[in-house]
Amino acid sequence: MGELEDAVMTRVWKWNRPVTVREVLEDLQQERSIAYTTVMTVLDNLHQKGWVRREAEGRAYRYEAVSTRAAYAAALMNDAWSQSDNAAAALVAFFGMMSEEQRQALRDAVRIVQGPETWEAPQAPEAREEENPGSAGDTDGR
C-alpha cells in the first residue's frame, strides 16, 4: 500500500464506518493540498485491491474497510517473513528489533493463540504425585 493509500485507509480504519470521498478529502486537506478526484481514485484503487467495499449512495459511494488495520499489518509481516530463505533467522532478527513493549505484546499474543495453560510453569514430578496420590502407575488404588 502506498503512502497516500495508507493515509486514506488510516481514516477509514479510524472512523470504523462507511465513509464518503468528501469526508476523507476534507480530513486529508487539513494536512495537505489534495484534489477530490485524487481521493476518489485512491478509494477506487483500494476497492479494486480488495481493501474496501463500496455501496452506492445516490451518485456517490460509501466506502468501508474489508478488514482491520491489525489484519493488514499481519498480512505485511506474513508476506515479508515468507520471502525469507531462513524463517528462523528472520524471526530472530525481527525480535531483536523489537522494543520491550513490543516483545510483551508478542508474549501476550502467543498466550491468546496457544491458551494460558501452555505458559504455566511446569510442576516438579513430586508436586504432581502429591496432587494425585496413586497416579504413578497404581490405577486400582492398591
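Note on surface exposure: THR41, THR10 rank THR41, THR10 by accessible area, highest first, 1.4 Å probe. Rounded to the nearest 10 square angstrom, MET97 shows an accessible area of 150 square angstrom against a 1.4 Å probe.
Computed extension length for ARG22-ALA93: 21.3 nm, one decimal, from 0.36 nm per residue of separation with the Cα-Cα distance subtracted.
Heavy-atom accessible area for LYS49, with the other protein chains in place and a 1.4 Å probe, reaches approximately 120 Å².
Only protein heavy atoms count here; under a 1.4 Å probe, TRP51 has an accessible surface of about 60 Å².
The values are calculated or read from the model by the stated rules, or taken from the named source; none is laboratory data. Source: prediction; values computed, not measured. What goes into the accessible areas is simple: the full protein's heavy atoms, side chains included, and nothing from ligands, DNA or RNA. Shrake-Rupley method; radii C 1.70, N 1.55, O 1.52, S 1.80 Å.
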